[in-house]
Amino acid sequence: MKKCFVTATVVAMCLFSFTAKAGFPVGAGKWLLSPGYYYYSADGYWNSNRIFTSYSNNGRFTSHYFGLYGAYGINRNWEFVFNVPFVSQTYAETNLLIQNSSMGDVTAGFAYYPEMKNLTTHFSITGSIIIPLYQNVAYPSSLTGTVPVVGFQSVGAEVKASLAGSPENFIKNCYYDMSVGARQYFSTYGPTQFFFDGTFGVAVDEDWKIYGNLSTVSSQSNYTSTTSSDGINRDFSYFRMTTGVGYRVNKTVQLYGNIFQDVSGKNIGRGHGFGLFAVIKF
């Protein structure tokens, strides 16, 4: 049973940590707010040898993620950015149901955009702090561990570099948004995480666009779920593919929807799901 919990619940910790990107500048004195909802479901996991195994007793892990990402343009070069999540999780087997809902890891920091000669290309460096707003729930010893956990329950920091733009000289009506970075949790067990997130989109007309996304996370720690006192898995990786569509309601509001599928991983659940979010600029 513990194996199921460990590989399932770790998904929610990093599932949507990197979905909110700051590749395009907001503008001095402007706000960007992006509320979103993401659903994730997994009925099995990849073990340390990347072999897939179904959860026992018809087990299934589900996560409902509600988030608010925001950015404020301090001036032409600096932005204040933040993300506030709320997570609701369920792990169910035959004759077993465990649920947990709470705030997650809040992030807040600053993004710097240096001056670029090419006005259609935007480069930024973002540094953020991670503040956990929850206490992982302790379950009876018979369940072996604290599950499903919301996160690592540790203060941390993140730094990432982003490149975004519209290569009109090569392909008309398209854009890209890429980020690469690292995240460190300041606890005895860590972990240290490295991530990449890349999006490429094409405008179908003035209002509609379609896009694809590739993302990966590698989490590394000297402590596994069996050597750490809290039983949380910190050593894992996954690769995900996403496709979606966006619609511009007006100059202020854009709506997006997507579906995603995990295609490979190690020590983590294999899942799929969908997301709905809005981008509001004012």
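As a summary of the residue check, ALA203 satisfies the conditions (1) of a type in the set (A, V, I, L, M, F, W, C); (2) within 22 Å of the chain's Cα centre (by Cα); (3) surrounded by 16 or more Cβ atoms within 10 Å (Cβ to Cβ) except for the one numbered (2). Applying a threshold of 6 Å to beta carbon distances and a minimum spacing of six or more residues, or different chains, the list of pairs starting in region 255-282 at a residue that is of a type in the set (Asp, Glu) and ending at one that is part of a strand (DSSP E or B) and buried (at least 17 other Cβ atoms within 10 Å of the Cβ) reads ASP262/TYR238; ASP262/ARG240; ASP262/ARG270; ASP262/GLY271. Quick check: is even one residue across region 193-210 closer than 29 Å to GLY156 by Cβ and of a type in the set (Gly, Ala, Ser)? Yes, region 193-210 contains at least one residue that is closer than 29 Å to GLY156 by Cβ and of a type in the set (Gly, Ala, Ser).
Here is a yes/no grid of residues against (1) within 18 Å of the chain's Cα centre (by Cα); (2) in a loop (DSSP other than H, G, I, E, B); (3) within 19 Å of ARG183 (Cα to Cα):
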residue	(1), (2), (3)
GLY70	yes, no, no
PHE82	yes, no, yes
PRO85	yes, no, yes
TYR91	no, no, no
SER102	yes, no, no
GLU115	no, yes, no
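Starting from residues that are in a strand (DSSP E or B) and of a type in the set (A, V, I, L, M), keep the ones in region 33-55 and report whichever is modelled with the lowest pLDDT. Filtering first and then ranking leaves ALA42.
Only residues that are assigned to a strand (DSSP E or B), in contact with a Lys or Arg (Cβ under 9 Å, 6 or more places away or on another chain) and hydrophobic (A, V, I, L, M, F, W, C): list them for region 237-282, please. Scanning region 237-282 gives VAL245, VAL253, LEU255, PHE260, VAL263. Every condition in (1) of a type in the set (D, E, K, R); (2) without any contact (Cβ under 8 Å) to a residue 12 or more places away in the chain; (3) in a strand (DSSP E or B) is met by ASP205 except one, and the failing one is (3).
Scanning region 144-163 for residues that are over 21 Å from the mean Cα position of the chain (by Cα) and either at pLDDT 90 or above or buried (at least 17 other Cβ atoms within 10 Å of the Cβ) (or both) gives GLY145, THR146. When every residue of region 52-60 is checked against the conditions, none turns out to be within 23 Å of SER154 (Cβ to Cβ) and either surrounded by 15 or more Cβ atoms within 10 Å (Cβ to Cβ) or touching a strand residue (DSSP E or B) at 6+ places or on another chain (Cβ under 6 Å) (or both). Residues that are among the polar types (S, T, N, Q), modelled with pLDDT of 85 or more, farther than 30 Å from GLY201 by Cα and buried (at least 18 other Cβ atoms within 10 Å of the Cβ) within region 214-241 comprise just one, SER221. Here GLN184 clears all of (1) over 23 Å from GLY127 (Cβ atoms); (2) at pLDDT 95 or above; (3) within 16 Å of the chain's Cα centre (by Cα) except the condition numbered (1). GLU115 satisfies every condition listed in (1) out of contact with any Gly (no Cβ under 9 Å at 6 or more places or on another chain); (2) in contact (Cβ under 8 Å) with a residue 60 or more places away in the chain; (3) surrounded by fewer than 19 Cβ atoms within 10 Å (Cβ to Cβ) except (2). Quick test for you: out of SER166, SER141, SER128, pick the one residue that is hydroxyl-bearing (Ser, Thr, Tyr), within 21 Å of the chain's Cα centre (by Cα) and either more than 25 Å from ARG240 (Cβ to Cβ) or modelled with pLDDT of 85 or more (or both). After applying the criteria, what remains is SER128. Summed over region 165-202, residues that are under 26 Å from VAL249 (Cα atoms), outside any strand (DSSP E or B) and free of Cβ contacts under 8 Å to residues at least 40 places away in the same chain total 3.
The values are calculated or read from the model by the stated rules, or taken from the named source; none is laboratory data. Everything numeric in this text was worked out from a predicted model, so none of it was measured. Glycine also receives a Cβ, built like all others from the backbone with ideal geometry; neighbour counts cover every protein chain displayed.
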